[in-house]
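Working notes for the structure below.
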Amino acid sequence: MRLLQYNNEGSFSLTEFFEGNIPKKYAILSHRWGAEEVTFADLKNDNYKKMAGFGKIQFCGEQARRDDLQYFWVDTCCIDKSNAVELQEAINSMFRWYRDATKCYVHLPDLIAPALVDFFSKEGKLLGIPASALRGSPLSAFSVNERLSWVVGRETFRQEDKAYSLIGIFDVNMSLIYSEGKENTQSCLQDLRIIDPREDKKRIEDTKGGLLRDSYR
């Protein structure tokens with residue numbers, strides 16, 4: 001995991017951490033991707049300061065400093081997307097990185113946000129994630145269909161990102177081919193919809209499916 005550090009002169013530096021030494025406190029940015037984002041490669045030269053996406057990184061760094069946090073993470077530039085192995089590891093780890101962050105800053109460039117916002121579907125149904133999930137209840141306490149409903153209607157920059165966003169929600173690890181496209185995304189979503197380990201465990205117990213007890217546990 002690479003983390004950014006905001007230097008006093010207004011520039012940024014990247015530091016790489018491995019699983020055993022990731023800082024306990026860091027901030028993370030949640031945002032919508034735009035047309036000109038600062039990438040990992042862009043950070044190697046000073047031209048990134050002239051790019052449109054630099055404003056979000058600068059905001060995140062300044063806010064982290066105000067919150068007394070030394071490090072912060074932004075997905076556009078903290079991942080070397082030209083490295084397929086690193087990209088796969090990052091996608092599979094991203095849910096945990098967001099979960100473990102001390103602060104998550106949600107950047108809304110096209111919304112003047114009041115203190116409270118309620119989102120509704122076109123049918124007038126209130127949208128959202130149950131408060132108990134946001135307060136730390138184990139995700140296994142929510143059904144497969146309920147967890148899938150959290151991403152219904154979500155629009156992503158790449159088609160497959162909608163499926164990848166479910167990796168953490170369903171606690172799975174996948175071998176990924178980034179840019180694999182819509183067809184594999186739909187297949188992935190279908191597989192997630194019909195498989196529930198709790199149902200599989202009951203089926204194996206009821207049919208005495210031949211697996212060792214410790215295996216299906």
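The values are calculated or read from the model by the stated rules, or taken from the named source; none is laboratory data. Remember, predicted model here, so these are calculated numbers, not experimental data. With ideal geometry, Cβ positions are generated from the backbone for all residues, glycine too; neighbour counts draw on all protein chains shown.
Output the number of residues of the stretch 135-173 satisfying the condition of being out of contact with any Phe, Trp or Tyr (no Cβ under 6 Å at 6 or more places or on another chain), under 27 Å from Gly34 (Cβ atoms) and hydrophobic (A, V, I, L, M, F, W, C).
Here the count works out to 7.
Can you confirm whether Ser121 is farther than 22 Å from Glu89 by Cα, at pLDDT 75 or above, loosely packed, with under 13 Cβ neighbours inside 10 Å and not β-branched (Val, Ile, Thr)?
When the stated conditions are applied, Ser121 does not pass them.
Inside the stretch 73-89, can you point out the residues that are part of a helix (DSSP H, G or I), closer than 17 Å to Phe157 by Cα and of a type in the set (A, V, I, L, M)?
Listed by number, the list holds a single entry, Leu87.
Do we have Asp75 as closer than 24 Å to Leu108 by Cβ and among the charged types (D, E, K, R) here?
The answer is yes for Asp75.
Quick one: in the stretch 124-147, which of the residues that are among the hydrophobic types (A, V, I, L, M, F, W, C) and assigned to a helix (DSSP H, G or I) is modelled with the highest pLDDT?
Ala141
Look through Gly34, Gly61, Gly53 and report the one residue that is among the small types (Gly, Ala, Ser) and more than 23 Å from Ser82 (Cβ to Cβ).
Gly61
Tally up the residues in the stretch 24-50 that are more than 16 Å from Asp75 (Cα to Cα) and surrounded by 14 or more Cβ atoms within 10 Å (Cβ to Cβ), please.
Adding up the residues that qualify gives 2.
Need pairs with beta-carbon distance below 8 Å; first residue within 16 Å of Leu134 (Cα to Cα) and modelled with pLDDT under 90 and within the stretch 83-108, second of a type in the set (S, T, N, Q) and surrounded by fewer than 16 Cβ atoms within 10 Å (Cβ to Cβ); sequence gap 6+ or separate chains.
Close Cβ pairs satisfying both conditions: Val106/Ser30.
Report the residue count in the stretch 43-61 for those that are within 22 Å of the chain's Cα centre (by Cα) and either touching a residue at least 60 places away in the same chain (Cβ under 8 Å) or not in a loop (DSSP other than H, G, I, E, B) (or both).
9
Is it the case that some residue within the stretch 174-192 is at pLDDT 70 or above and either under 18 Å from His31 (Cα atoms) or of a type in the set (Asp, Glu) (or both)?
no
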